[in-house]
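The numbers here are math on the coordinates, done by the rules we state, and not lab data. Nothing here was measured: the structure is a model prediction, and the numbers come from that model. Because the Cβ atoms are built from the backbone with ideal geometry, glycine has one as well, and the counts that use them run over all protein chains shown.
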Amino acid sequence: MITKQERQRIQTEFQEKMDYDELLNCMRCGFCLPSCPTYIESGYDEAHSPRGRIALMKAVVDGDIEPDDDVKRSLDMCLGCRACEPVCPSGVNYGHLLEQARDIIYQNHDLSATTKAIRNIAFKGLFPNQGRMRTMTGLLGFYQRSGLQKAARLTGIMKILPDNLATMEKVLPEVPSLKQLKNRPDHLPSLVPQKKKAAFFSGCLMDSMFMSTNDATMKLLQYAGCEIVIPDSQACCGALHGHSGEKQQAKELAKRNIIAFEDTGADYIITNAGGCGAFLHDYDHLLKDDPAWAERGKDFAAKIKDISSVLVELGFDELPLQLPDQVVTYQDSCHLKNVQKTFLEPRQLLHAIDGVQYVEMNDADRCCGSAGIYNIVESEMSMQILDYKMKQVETTQAKTIATANPGCLLQMKLGIEREGLSDTIRAVHIVDLLLEAYEYTRQPVGS
Amino acid sequence: MLNDKVKHELISIVGADNVQDSRASLLVYSYDATPQFQSMPDAVVAPRNTDEVAEVLKLCNEHHIPVVPRGSGTNLSAGTTPVEGGIVLLFKHMQDIVEIDEENLTVTVQPGLITLDLINAVEARGLFYPPDPSSMKISTMGGNLNENSGGLRGLKYGVTRDYVMGLEVVLPNGDIIHTGGKLAKDVAGYDLTRLFVGSEGTLGVITEATMKLVPMPETKKTILALYEDIEAAAEAVSSIIAHRIIPTTLEFLDRPTLKVVEEYAQIGLPTDIEAVLLIEQDGPQEVVDHDIEKIAALCRDNQAIRVDVAKSELEADALRTARRTALSALARLKPTTILEDATVPRSKIAEMVRAINDIAREYKVDICTFGHAGDGNLHPTCLTDVRNKEEIHRVEQAFEAIFHQAVELGGTITGEHGVGAMKSPYLHLKLGDEGIAAMKGIKQAFDPNNIMNPGKMFAKSERKRVVVHT
């Protein structure tokens with residue numbers, strides 16, 4: 001429950017901090033409605049649409065309604081996929097409005113003790129700290145390798161977890177050992193005549209749980225003609241914080257990253273996680289009111305590029321690439337598409353692989369329901385969205401689902417597991433598939 | 001606020017899940033796509049079938065509670081804004097295609113069905129439903145029927161009205177009536193089907209509709225013609241029709257619109273020209289080829305400075321970009337975008353566009369005009385800011401002048417957006433007092449307690465301005 005006092009504080013801050021021009025910029029045409037997954041899955045409930053949420057934010061500022069639990073519910077239900085932005089005739093920056101509104105609510109509302117504890121561990125303890133992230137992942141690796149995982153599954157202890165968490169546990173990738181996690185390169189040469197210098201943003205989840213995907217990304221860059229620097233002092237991008245109403249922490253992380261990358265002299269800063277990429281791409285907006293950082297944020301943001309976009313730019317899709325015959329489909333990363341506007345390049349790369357029959361899935365650009373920690377905190381809606389997604393996947397008859405973001409990848413794995421299809425369909429990060437194709441083409445004949 | 005007794009009776013009819021009255025849920029149904037109109041309803045009710053609609057109406061009629069039927073809320077004349085409170089009626093449980101009848105070429109739908117879902121479903125069977133309002137991705141059939149929506153293909157194929165064959169309607173007293181049917185000919189009694197189409201939810205609630213389908217055209221082609229002179233563009237339009245060619249689409253953009261479109265989309269349009277025509281024709285391949293060739297020649301004869309014929313679907317799409325991005329480009333310039341739809345006989349297009357530009361200058365407001373030149377339906381679009389009260393006043397004066405001008409040229413105050421609450425003060429311009437009296441008589445006969453969408457169509461006092469909420 002939001003108390004009376006909290007409501008007053010939130011309302012005052014809405015009036016002080018919300019961008020009223022942007023709220024007015026919404027002309028309520030409703031063109032965003034068909035692109036909003038929660039509007040559709042809620043059975044066309046306007047309170048769960050972008051237009052409805054903007055109307056609620058504006059009404060709080062105008063004093064027409066109080067920021068009560070229903071208003072918070074409406075904002076909490078948003079995936080933050082930002083699919084409403086490209087279709088908006090007025091170009092409303094919905095994502096920025098949502099972040100600001102959530103920040104005000106969460107900074108002024110006393111959460112329950114459990115929720116607070118979870119948020120603290122995730123936002124303050126774990127994600128900003130790569131060392132702890134490594135330790136956690138190391139522990140997970142120990143759990144997986146020691147036989148504990150098997151024992152846990154046999155004893156049925158997983159059954160006490162909510163359904164989707166228990167399934168999630170099954171689909172987590174086999175993670176590297178602590179030693180492997182600590183031994184990361186900070187510089188790699190190009191393996192062909194060098195074309196560009198790239199700085200690699202390794203990401204916290206990507207550089208621990210999905211370390212092999214990061215390795216694959218760097219190999220692809222080396223094959224494509226990039227010298228790579230990987231600044232050791234880089235931090236978490238801050239997306240999880242920014243999207244969940246912890247804006248101040250996000251800003252601190254942004255500054256650490258700007259310092260880490262500023263002097264690398266790289267042509268681009270490469271990411272392989274659509275979610276991180278979009279948030280890094282938005283640093284200029286995040287720091288716009290901080291005179292000492294605004295310009296540096298802009299320079300940083302201008303260099304952000306997704307791996308698929310760089311590979312196409314450097315002509316990687318013209319190299320010989322081959323895989324055993326299979327149908328492949330692609331699930332867009334919402335933020336890669338809606339914020340970074342990168343959606344043609346991954347498809348172009350998949351089309352370039354001999355043996356791959358690319359089949360576009362219906363509504364490929366609709367969110368899969370992963371959305372940061374959304375699939376844990378709003379699991380019912382998330383699973384409803386995932387069920388729809390899996391139906392579309394099955395229609396393509398794909399054997400491989402390529403993704404471009406760790407959250408989407410895990411969610412697709414979860415979907416496959418839930419549908420009982422783990423023997424016939426696999427979900428992979430697109431860079432892993434590309435490396436597979438590159439190496440398959442170059443394996444010795446007969447092997 | 002509804003009293004508890006009424007609320008409980010509503011819940012007993014439609015179930016507790018389908019009656020909402022929290023502040024947040026009322027707020028999100030307090031508006032539609034019309035700037036400057038907002039008003040809270042007392043409850044939001046979602047009946048699950050026709051019988052429940054009838055029960056709800058009977059209850060509201062007894063207690064004199066206003067009922068506002070609402071689809072997706074894309075209305076541009078405040079037609080779905082609950083200006084007098086009451087109940088907003090949703091159709092989220094009534095979204096089915098009841099039947100596609102391939103023998104009689106009809107489709108029967110529920111009001112909550114999204115227009116594009118209908119179009120896709122019939123096209124999958126090689127059939128064609130032509131009305132295509134710009135909002136078709138999200139607009140509902142119930143909304144299209146009540147507003148008699150038009151669209152880009154209206155010139156050749158007509159509007160929603162031309163495809164309605166039969167309706168199931170719940171009257172305010174709870175009676176359920178059926179009008180028309182799957183019949184090519186039917187003169188049994190008054191044509192109530194036509195009366196309900198475009199009635200803006202003021203007479204009853206449409207709960208099912210049977211629509212006519214036509215065979216899918218074999219192919220289509222697109223051309224874009226540029227003009228240095230509005231007259232020449234308008235003459236080209238007249239000349240095409242005079243040569244007995246009826247294109248599917250004949251769209252027009254004026255110079256102020258072109259300028260912002262080019263600034264926004266940067267697609268290489270010259271900004272020193274006065275007008276652009278986007279023309280499409282569909283039908284059998286030979287006919288389309290012949291018509292397009294003829295149209296291109298007629299455009300050149302009428303002083304087009306450039307005519308581009310699309311060679312592929314991809315190129316056609318590039319040409320359509322100009323028209324499609326018009327609204328986006330305009331909407332980005334100022335916080336408030338007011339889209340009007342004054343309509344004149346197509347022979348008066350040039351005169352009307354010039355008059356609009358003169359009026360914009362006179363009242364010192366920004367108005368860009370684009371629209372469906374082929375059917376004389378223009379969209380003068382005003383870019384303004386609701387916070388600037390003084391400017392908003394001038395905008396209202398300018399639009400009033402535009403309505404007067406349209407009617408003077410033999411046109412109307414609204415071609416496809418409806419009267420709603422926004423244009424009710426101007427209805428007398430088109431109908432005269434006698435016309436309004438006749439319509440009020442019809443309203444009185446169907447809805448004596450004035451529960452159906454009150455405050456729409458007829459202004460409270462004929463010549464007084466509607467009070468605007470901001």
Seminar exercise, completed: Share (percent) of C-alpha pair distances in region B:1-216 greater than 25 Å works out to 37
Seminar exercise, completed: Per principal axis, largest first, the Cα atoms of region B:110-156 extend in Å by 27, 26, 14
Problem set entry | Shape category assigned to region B:316-357 from the gyration tensor of Cα positions, a/c cut at 1.5 | oblate
Problem set entry | Net +/- balance of residues flanking A:C32 in space, Cβ distance below 12 Å, scoring K and R +1, D and E -1 | +3
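Show that you can apply the helix-only estimate: for chain A, add -39,500 (n - 2.57) for every DSSP H stretch of four or more residues, divide by all residues, and state [θ] at 222 nm to the nearest 500. Write out the running numbers ahead of the final one.
On the way: 24 runs with 229 residues, N = 447.
My calculation for chain A gives -15000 deg cm²/dmol from helical runs alone.
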Exercise. What per residue convex hull volume, in Å³, comes out for chain B when only alpha-carbon positions are used?
Worked result: 148
Exercise. In debye to the nearest 20, how big a dipole does region B:171-231 give about its Cα centre with +1 on each Lys and Arg Cβ and -1 on each Asp and Glu Cβ?
Worked result: 420
For this session: Kindly identify region A:201-335 as rounded, prolate or oblate by the Cα gyration tensor criterion: order the square roots of the eigenvalues as a ≥ b ≥ c, call it rounded if a/c is under 1.5, otherwise compare a/b with b/c, prolate if a/b is larger, else oblate.
Result: prolate
Problem set entry | Cβ charges +1 (Lys, Arg) and -1 (Asp, Glu), total dipole of the protein assembly as shown, debye | 2100
Exercise. Using Cα atoms only, what is the angle between the long axis of helix A:94-108 and the major principal axis of chain A, expressed in degrees (0 to 90) to the nearest 10?
Worked result: 60
Exercise. For chain A, what number results from the quotient of the Cα radius of gyration and 2.2 N^0.38 Å?
Worked result: 0.98
Exercise. Which length gain, in nm to one decimal place, applies between A:V359 and A:E174 when the Cα-Cα distance is subtracted from 0.36 nm times their residue separation?
Worked result: 63.7 nm
Exercise. What residues qualify as long-range amide H neighbours of A:H429, i.e. H under 5 Å apart, gap of 5 or more or another chain, H built at 1.01 Å from N?
Worked result: A:T403
Exercise. So how do B:H93, B:H290, A:H48, B:H379 line up by other beta-carbon neighbours within 10 Å, fewest first?
Worked result: B:H290, B:H93, A:H48, B:H379
Exercise. Can you list the residues, at least 5 places off or on another chain, whose amide H is less than 5 Å from the amide H of B:V164, using H built in the peptide plane?
Worked result: B:K212
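Using a cut-off of 12 Å between beta-carbons, work out the net charge of the residues near A:K305 (Lys and Arg +1, Asp and Glu -1, A:K305 not included). The partial results should precede the final answer.
Numbers: positive: A:K196, A:K303, A:K341; negative: A:D267, A:D306, A:E313, A:E345.
Once all neighbours under 12 Å are counted, the net charge is -1.
For region A:1-54, what does the alpha-carbon gyration tensor say about shape, rounded, prolate or oblate, given a ≥ b ≥ c as the root eigenvalues, a/c under 1.5 as rounded, and a/b over b/c as prolate? If you can, show how the numbers build up before the last one.
Working: a/c = 4.18, a/b = 1.52, b/c = 2.75.
The shape class here is oblate.
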Exercise. Once both axes come from the Cα atoms, what is the angle between helix B:389-408 and the longest principal axis of chain B, in degrees from 0 to 90, rounded to 10?
Worked result: 80
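Mind pulling up the Rg/Rh value for region B:191-314? Radius of gyration and Kirkwood radius, both on Cα.
Ratio value, two decimals: 1.11.
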For this session: Sum up the charges of everything whose Cβ sits under 15 Å from the Cβ of B:N173, counting Lys and Arg as +1 and Asp and Glu as -1, but leave B:N173 out.
Result: -3
Exercise. Given springs between every Cα pair under 10 Å in a Gaussian network model of chain A, which of A:I105, A:I385, A:I259 has the largest fluctuation?
Worked result: A:I259
For this session: Kindly put A:C226, A:C84 in sequence by how many other C-beta atoms sit within 10 Å of each C-beta, fewest to most.
Result: A:C84, A:C226
For this session: Among A:T264, B:T369, rank each residue by its count of other Cβ atoms within 10 Å, from fewest to most, as a rough exposure measure.
Result: A:T264, B:T369
For this session: Compute the distribution of all C-alpha to C-alpha distances in region A:317-441, in bins of 5 Å from 0, and list the percent of pairs in each, rounded to whole numbers.
Result: 2, 12, 22, 25, 20, 12, 5, 2, 0
Exercise. What is the pair-distance distribution P(r) of region A:353-416, computed from all Cα-Cα distances in 5 Å bins starting at 0, with each bin given as a whole percent?
Worked result: 4, 17, 30, 25, 14, 6, 3, 1, 0
For this session: Multiply the residue separation of B:A121 and B:H178 by 0.36 nm, subtract the distance between their alpha-carbon atoms, and state the gained length in nm to one decimal.
Result: 18.1 nm
Seminar exercise, completed: For region A:4-108, the percent of all C-alpha pairs falling in each 5 Å bin, from 0 up to the bin holding the max distance, is 2, 14, 26, 26, 18, 10, 3, 0
Seminar exercise, completed: Of the listed links B:K92/B:K137; A:K247/A:K341; A:K219/A:K305; A:K195/A:K255; A:K341/B:K221; B:K182/B:K456, those spanning more than 22 angstrom between alpha carbons are A:K247/A:K341; A:K195/A:K255; A:K341/B:K221; B:K182/B:K456
Seminar exercise, completed: Here, the protein assembly as shown modelled as identical Cα point scatterers in vacuum has Debye log10 I(q)/I(0) at q = 0.09, 0.10 Å⁻¹ of -1.05, -1.26
Problem set entry | region B:328-383: Cα Rg divided by the 2.2 N^0.38 Å rule of thumb | 1.12
Exercise. For B:S12 and B:Q444 in one chain, what is 0.36 nm times their gap in residues minus the Cα-Cα distance, to one decimal in nm?
Worked result: 152.6 nm
